[in-house]
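Enquirer: Structure provided below as structure tokens; questions to follow.
The values are calculated or read from the model by the stated rules, or taken from the named source; none is laboratory data. Keep in mind that what you see is a predicted model, and the values were worked out from it rather than measured. Backbone-built Cβ (ideal geometry, glycine too); neighbour counts: all protein chains shown. When the accessible area is computed, the model is the full protein with side chains, heavy atoms only, and any ligands, DNA or RNA have been set aside. Shrake-Rupley method; radii C 1.70, N 1.55, O 1.52, S 1.80 Å.
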Amino acid sequence: MVGLDLAGRTVVVTGAGQGQGAAEARLLVDAGARVIATDLGPEPPPGLGAVFSGGPLTYRQLDVTDGPGWAKLAEWIRSQGWQVDGLVNNAGITQRSRLLDASVADLQRVYEVNVAGSLLGIQALAPLMRSGASIVNVGSVAGLTAHYPVAYTASKWALRGLSQVAAMELGPRGIRVNTVHPGFIETPMTQGAKPEFRQATLAETPLGRTGSVEEVAGVVLFLLSPLSSFVTGAEIPVDGGQAGHGGAKSVSDALR
Ligand SMILES: NC(=O)c1ccc[n+]([C@@H]2O[C@H](COP(=O)([O-])OP(=O)(O)OC[C@H]3O[C@@H](n4cnc5c(N)ncnc54)[C@H](O)[C@@H]3O)[C@@H](O)[C@H]2O)c1
């Protein structure tokens, strides 16, 4: 029976040291996958929990902006005799400058991680994928809206374009490419969010709460699994309904 079981599959997760990436790595191990969790540090971060070297979860140091680093990872996977069945381009950074203050350097830095990092991952690992493999790019509600931090928002809109091209180009090889768009998720990235930001976001969120890392991981697992075998080029908001109403919520609330 087709299900969420990923036994026998190898999945690479970037930015897996904490937050959503760590939750994705843990859930994928639970689903039976062999997970290669990657992040910036040389050692497995505590957020990953128990790491079984050579077991279902292996940690590798990888800066997603580092092309030779990706090549080294691909070479190592090849040397183990593995193929790649899944890639989660989760690593991302935020940048909070606003329209009239954002510098070109701000824009370049977020693009380098959020867009180029995902491109490099696809380029390095697609050659190790065969039909049935699945790539999940982690976008953001920022990529569906006019979220105010301009460099971050522009990078996530750009990532959508990259995802769609990849879905088109890799589809004939049976490789699927989809995007999840998290809303406000409780992670180290959002820990320092101003109370005003939190309040205003909740007011725009029909479910009236923030999301958990497990709630994003569940959708990522679905997109990596054979249950979504005819889904490619899709974008799934995991945002409590924040993006779907297109600004109509405040009007609706005002008329209650
Ligand atoms: N938390 C949210 O509310 C939210 C909302 C929308 C989208 N997102 C996106 O979800 C993804 C995960 O975010 P999170 O909230 O878990 O963030 P986080 O900051 O908690 O974790 C991000 C991880 O990425 C790693 N990372 C950063 N730069 C890297 C690089 N160059 N190479 C490799 N790893 C790198 C960090 O070390 C960290 O472990 C990001 O792409 C983010 O943009 C988050």
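Enquirer: At a 10 angstrom cut-off on C-beta neighbours, averaged per residue, how do the peptides 243-250, 92-99, 24-31 rank from highest to lowest?
Expert: Numbers: 243-250: 12.8, 92-99: 16.6, 24-31: 23.6.
Ranking, from highest mean packing down: 24-31, 92-99, 243-250.
Enquirer: Classify the chain as rounded, prolate or oblate, taking a ≥ b ≥ c as the square roots of the eigenvalues of its Cα gyration tensor: rounded when a/c is under 1.5, otherwise prolate if a/b is larger than b/c and oblate if not. Intermediate values should be presented prior to the final figure.
Expert: Details: a/c = 1.66, a/b = 1.50, b/c = 1.10.
Prolate, because a/c is 1.5 or more and a/b exceeds b/c.
Enquirer: When only the heavy atoms of the protein chains count and the probe is 1.4 Å, how do Tyr152, Tyr111 rank by accessible area, highest first? Before the final figure, lay out each step's value.
Expert: Values: Tyr152 25, Tyr111 80 Å².
Accessible-area ranking of Tyr152, Tyr111, largest first: Tyr111, Tyr152.
Enquirer: Run the 1.4 Å probe and let me know the accessible area of Ser131, rounded to the nearest 10 Å².
Expert: Counting only protein heavy atoms, the figure is 90 Å².
Enquirer: Let me check something: with ligands and nucleic acids excluded, how do Met189, Met168 order by accessible area (1.4 Å probe), largest to smallest? Could the numbers behind the result be given before it?
Expert: Numbers: Met189 75, Met168 130 Å².
The ranking, largest first, comes out as Met168, Met189.
Enquirer: Mind giving me the nanometre distance, one decimal, between the label points for Gln199 and Arg173, set 7 Å out from Cα along Cα→Cβ?
Expert: With each label placed 7 Å out from Cα toward Cβ, I get 5.0 nm.
Enquirer: Using helices alone, I'd like the mean residue ellipticity at 222 nm for the chain: each DSSP H run of four-plus residues gives -39500 (n - 2.57), total over residue count, nearest 500. Each step should come with its number before you reach the end.
Expert: On the way: 9 runs with 95 residues, N = 256.
Calculated mean residue ellipticity at 222 nm is -11000 deg cm²/dmol.
Enquirer: Scan the chain and note any complete DSSP helix (H) whose C-alpha atoms cover at least 15 Å along its axis and whose Kyte-Doolittle average is -0.5 or more.
Expert: Answer set is 19-30, 67-79, 150-170, 213-224.
Enquirer: Please state the relative contact order of segment 151-256 as a whole percent: Cα pairs under 8 Å, 6+ residues apart?
Expert: Numbers: 105 pairs, mean separation 37.4, N = 106.
Reported relative contact order: 35 percent.
Enquirer: Please work out how much accessible surface Arg78 shows to a 1.4 Å probe, ignoring ligands, DNA and RNA, in Å² rounded to 10.
Expert: For Arg78, the solvent-accessible surface is approximately 120 Å².
Enquirer: How much of Trp82 can a 1.4 Å solvent probe reach, expressed as accessible area in Å² and rounded to 10?
Expert: About 50 Å², rounded to the nearest 10.
Enquirer: While we're on this one: Let's see if you can work this out: charge +1 on each Lys and Arg Cβ, -1 on each Asp and Glu Cβ, no other charges. What is the dipole magnitude of segment 105-223 about its Cα centre, in debye to the nearest 20?
Expert: Working: 9 positive and 8 negative charges, 52 e Å.
With only Lys, Arg, Asp and Glu charged at Cβ, the dipole is about 240 debye.
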